[in-house]
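A quick write-up on the structure given underneath.
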Amino acid sequence: MWGGRFAEGPAAIMREINASIPFDKALWRQDIAASKAHVAMLGACGIVSGEDAVAIERGLDSVAAEYEADGVPENWDLEDIHMTTESRLAELIGPVAGRLHTARSRNDQVATDFRLWVRDAIDAVDAGLSALQRALVTRAGEHADSIMPGFTHLQAAQPVTLGHHLMAYYEMIRRDRSRFQAARARLNESPLGSAALAGTGFPIDREMTAQALGFDRATANSLDAVSDRDFALDYLQAAVQCALHLSRLAEELILWASQPFGFVRLPDSLSTGSSIMPQKKNPDAAELVRGHAGRIVGCATALTVTMKGLPLAYSKDMQDDKPPVFEAASLLALSIAAMTGMIADAEFRTDRMRQAAELGYATATDLADWLVREAGLPFREAHHVTGAAVRLAEEKGVALDALSLDELQAIDARIGEGVYKALSVEASVAARASHGGTAPDQVRRRVADARTALEMDR
């Protein structure tokens, strides 16, 4: 490829550091699609003959069939997927293959292929996240009334329902999907035809290729088009946020599956044993999801630093843009699939959850609220009275609702018999009926809304 300019071939180390075919072969479908769109446009604009355009298109179909059947060969002398495809095309159809590269550069070619790949990756992750949401919504509907402890600082705080807890992750994933969708909308412009950096002197039709490849429009600036990797960073940042949410869910399942909690039994199919301790059932899939989040953060950091100080337009540093995106996409897909399986098949031990909800004076806030609502105390005063009641219950080693009325009235005479109706965990969750609250009726409303949004009942 460089014979016209260089007298000598590259050194072995240059050949090795320069070759990207080991990883960018993943772009072969996008490269074939973009090349077919490009040559169809060249033919329509009269830049190549109709006969040559048809020959090139048929040749590209043959190359694609070979790649599908046998994989992409790795010849490091050809450097990348673009030259690998063009070389094989020339072997199949002869010198006419050289007309394919008219009015384009590898710079706009790779920018186009990479955008197409990321767009496909976003569509795949959206489908996976939709499946995870469906699993969360289904299990939330089953457990709208199942009481469990809600935590702050990992200390029992107030009773909530398991359905409410699961729907919190539905909301997180809803935001994740919106981030990926926003990233997709921003990337959906076609760089093809920007050539190396300045555009081309050939009378091309960039809107034709943009439309053929499903882009909304052609990019407006050729310098920006070939050097922009915002779309890859957008994808990685959305992947990071999603991985963080998956990691939080994984951590909760890990805790819940431990013997001190005993809230859940994870499916055998997503657990492992121990090589020495036969009783062990380890939540390895969840732990790996938690670990993958760190690697995905690393992928985003790697590309961010690579792009940090690059001048316009293309620089070879940008060859390193694809490995972190490919790695992150693979890890994220695995994580989503694993979490979907765990949520769908987990056995929630609601008896243990309810028992735990009754510990730690989790209905103390209900006592304070009752004092405000029924006895007319300012909340801060009610908070103080409730604290005294908790201290007494703790000293006696009993639950709040096990204190006698005389004992409660000794703390504050305004406490009446009706307070006991507010101190059960069932009364506590039922009372949280504000929009978005944990009350079972509210959870069922949110589940119904989610089922509609996900078209689960169609």
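Quick check on the range 175-188. Is at least one of its residues touching a Ser or Thr at 6+ places or on another chain (Cβ under 6 Å) and modelled with pLDDT of 95 or more? No - not one qualifying residue is present in the range 175-188. Within the range 128-156, the set of residues being closer than 14 Å to LEU166 by Cβ and aliphatic (A, V, I, L, M) comprises LEU132, ALA135, LEU136, VAL137, ALA140, ALA144, ILE147, MET148. Of the residues making up the range 344-355, those that are surrounded by fewer than 22 Cβ atoms within 10 Å (Cβ to Cβ) and either within 20 Å of ARG290 (Cα to Cα) or not charged (D, E, K, R) (or both) are ALA344, ASP345, ALA346, PHE348, THR350, GLN355. Within the range 402-423, the set of residues being out of contact with any Asp or Glu (no Cβ under 9 Å at 6 or more places or on another chain), farther than 14 Å from ARG391 by Cα and assigned to a helix (DSSP H, G or I) comprises ASP406, GLN409, GLU417, LYS421. Within the range 361-379, identify whether any single residue is surrounded by 18 or more Cβ atoms within 10 Å (Cβ to Cβ) and on the phi > 0 side of the Ramachandran plot, and answer yes or no. Yes, there is a match, as at least one residue in the range 361-379 is surrounded by 18 or more Cβ atoms within 10 Å (Cβ to Cβ) and on the phi > 0 side of the Ramachandran plot.
Of the helices (runs of 4 or more DSSP H) lying entirely inside the range 305-382, those containing at least 2 residues that are of a type in the set (Lys, Arg) are 350-357.
On the given criteria, is ALA346 in contact (Cβ under 8 Å) with a residue 40 or more places away in the chain and under 37 Å from the mean Cα position of the chain (by Cα)? Answer is yes for this residue. The residues of the range 148-165 that are open to solvent by 30 Å² or more (accessible area, probe 1.4 Å) and at pLDDT 95 or above, listed by number, are HIS164, HIS165. Could you list, in sequence order, the residues of the range 58-69 that are surrounded by fewer than 18 Cβ atoms within 10 Å (Cβ to Cβ) and under 29 Å from GLY201 (Cβ atoms)? Result: ARG58, single match.
Annotation: of all residues in the range 424-440 being touching a residue at least 24 places away in the same chain (Cβ under 8 Å) and assigned to a helix (DSSP H, G or I), the one that is nearest to LEU359 (Cα to Cα) is VAL425.
Candidates THR209, THR219: the one that is farther than 27 Å from ALA239 by Cβ, among the β-branched types (Val, Ile, Thr) and either open to solvent by 30 Å² or more (accessible area, probe 1.4 Å) or in the same structural domain as LEU249 (by the TED database) (or both) is THR209.
A Cβ distance below 8 Å, combined with a sequence gap of six or more or placement on separate chains, defines the contacts here; from the range 92-111, residues that are free of Cβ contacts under 8 Å to residues at least 60 places away in the same chain reach residues that are assigned to a helix (DSSP H, G or I) and open to solvent by 50 Å² or more (accessible area, probe 1.4 Å) in the pairs LEU92/SER62; ILE93/ARG58. Of note, THR84 does not satisfy the criterion of being buried (at least 22 other Cβ atoms within 10 Å of the Cβ) and in contact with a strand residue (DSSP E or B) (Cβ under 8 Å, 6 or more places away or on another chain). None of ALA121, ALA127 is among the hydrophobic types (A, V, I, L, M, F, W, C), closer than 24 Å to PHE326 by Cα and free of Cβ contacts under 8 Å to residues at least 40 places away in the same chain except ALA127. Out of ARG265, ARG290, one residue alone is surrounded by 15 or more Cβ atoms within 10 Å (Cβ to Cβ), assigned by the TED database to the domain that holds ALA168, basic (Lys, Arg) and in contact with a Phe, Trp or Tyr (Cβ under 9 Å, 6 or more places away or on another chain). It is ARG265. Note on the range 184-279: enclosed helices (runs of 4 or more DSSP H) holding 1 or more residues that are in contact with a strand residue (DSSP E or B) (Cβ under 7 Å, 6 or more places away or on another chain) and free of Cβ contacts under 8 Å to residues at least 60 places away in the same chain are 206-212, 230-257.
Evaluate the following for VAL72: is it assigned by the TED database to the domain that holds PHE23, part of a loop (DSSP other than H, G, I, E, B) and buried (at least 19 other Cβ atoms within 10 Å of the Cβ)? Judged against the criteria, VAL72 is a match.
Only a single criterion out of (1) under 22 Å from ALA121 (Cβ atoms); (2) in contact with a His (Cβ under 9 Å, 6 or more places away or on another chain) is not satisfied by GLU252, namely (1).
The values are calculated or read from the model by the stated rules, or taken from the named source; none is laboratory data. Keep in mind that what you see is a predicted model, and the values were worked out from it rather than measured. Neighbour counts are summed over all protein chains in view; Cβ atoms, including those assigned to glycine, are modelled from backbone coordinates with ideal geometry. Areas reflect the complete protein model, heavy atoms only, side chains present, ligands, DNA and RNA absent. Shrake-Rupley method; radii C 1.70, N 1.55, O 1.52, S 1.80 Å.
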